[in-house]
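A short write-up of the structure that comes next.
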Amino acid sequence: MFELMLFNFLLLITCMVALWLLSISLGDVSFIDSFWALGFVVAAAGSFWYLGMGDTPHTLALLGVTALWGVRLGGFLLLRWRREGADPRYLRMIEKAKGNPHLFTLRSVFLLQGVMLWTVSLPVQLGMFSDTGAVLGAFAFAGVALATLGFVFESVGDQQMTTFRADPANVGQVMDRGLWRYTRHPNYFGDACVWWGLFLIALGAGAPLWIAVGPALLTWTLLRWSGAALLERRMKRSRPGYEDYIARTSGFIPWPPRGQS
């Protein structure tokens, strides 16, 4: 088990160092967001290869769900970066950095995300390691159902936001339509569902309960660190109606707007 974890850790850190060198050449680190999703596919594929590419049910479920989610989200974020250019969040972060900006991005962007990615992916790694070849049980089916819900929720939410932002009439407006009417962050809710779903599949394969640290870290990151908290601070400053949107709309779990059924 520890050899597999070490293999994936070194694999992901190697990818991050290579991407860091690419960022120096491009003069932009923003594309790293797309690898945040694609990196999970790397970890899943690496585990699948390292363990001998077995075709046992839980392993195939873990690989399939991770690949479907990661390729979709990674491709979406990569296209957005190509369309919109450098992310202002990273530009501000680098401007405030002390010392060599390249060493700062290596340490605080690429290596940090590599370690977090490796931690979040523990259910996939250890789920594949623990898979004995047993048929899918209740945990696995519940996990696939939860991950499917998350995938659909995130995909639809991303498409709705893309369509909204493409309309010039919506510049400066608050997106409160479709899924965004029921939660301020349908994409983050979808992400969390996918990874708690993968956790359930891994439990069904016999993985230890402590791998919950993976989806727990992801959920905390989405809600309290670089996700919703950071985004909402910026939106409060740039969108006059965002405070009202917060007052009537659930922050995470979808729910009817306050005062409405």
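Values quoted throughout were computed directly from the atomic coordinates according to the rules given, and no laboratory measurement underlies them. What you see is a predicted model, and the numbers here were worked out from it, not measured in a lab. As a convention, Cβ positions derive from the backbone with ideal geometry for all residues, glycine included, and neighbour counts pool all protein chains shown.
Express in nm, to one decimal, how much length is gained between Ala86 and Trp255 on full extension, taking 0.36 nm for each residue of separation and deducting their alpha carbon distance.
Here the answer is 57.5 nm.
If you place +1 on the Cβ of every Lys and Arg, -1 on the Cβ of every Asp and Glu, and leave all else neutral, what size is the dipole of the stretch 2-248 about its Cα centre, to the nearest 20 Debye?
That gives a dipole near 920 debye.
Give, as a single signed number, the net charge of other residues whose beta carbon lies under 13 Å from the beta carbon of Leu146, with Lys and Arg counted +1 and Asp and Glu -1.
-2
When only C-alpha pairs under 8 Å and at least 6 residues apart count, what is the relative contact order of the chain, in percent? Walk me through the numbers before you get to the answer.
Working: 344 pairs, mean separation 57.8, N = 261.
Rounded, it is 22 percent for the chain.
State the answer as a single residue: which of Ala134, Pro240, Phe2 lies farthest towards the positive end of the charge dipole of the chain, with beta carbon charges of +1 for Lys and Arg and -1 for Asp and Glu, about the Cα centre.
Pro240
Sequence-distant or interchain residues sharing an amide H contact under 5 Å with His185, placed H: which?
So His185 has HN proximity to no qualifying residue.
Run the numbers for Asp167 and Asn100: contour at 0.36 nm per residue of separation, minus the present Cα-Cα distance, in nm. Write down the numbers at each step before the final one.
Values: separation 67, 0.36 × 67 = 24.12 nm, distance 3.98 nm.
Net length gain for the segment: 20.1 nm.
Placing +1 on the Cβ of each Lys and Arg and -1 on the Cβ of each Asp and Glu in the chain, which of Gly114, Cys193, Tyr90 has its Cα farthest towards the positive end of the resulting dipole?
My answer, from the dipole projection, is Tyr90.
Could you give the radius of gyration (one decimal) and Dmax (whole number) of the Cα atoms in the chain, in Å?
19.1, 55
So if a site counts as exposed when it's one of the trypsin sites (Lys or Arg not before Pro), its DSSP state isn't H, G, I, E or B, and it has at most 16 other Cβ atoms within 10 Å, what's the longest stretch of the chain without one? Intermediate results must be reported in sequence, preceding the final value.
On the way: sites that count: Lys98, Arg177, Arg258.
My reading of the result: 1-97 is the longest stretch.
Would you kindly state how much longer the chain becomes between Val71 and Met93 on full extension, computed as 0.36 nm times their sequence separation minus their alpha carbon distance, in nm to one decimal?
Numbers: separation 22, 0.36 × 22 = 7.92 nm, distance 2.71 nm.
Full extension from Val71 to Met93 adds 5.2 nm.
Looking at the chain, do any whole DSSP H helices span at least 24 angstrom along their long axis by alpha carbon and average -0.5 or above on Kyte-Doolittle, and which?
Numbers: long enough: 2-26 (35 Å, 2.15); 32-50 (26 Å, 1.23); 57-84 (40 Å, 0.50); 138-166 (42 Å, 0.84); 186-205 (29 Å, 1.04).
Within the chain the helices that satisfy the rule are 2-26, 32-50, 57-84, 138-166, 186-205.
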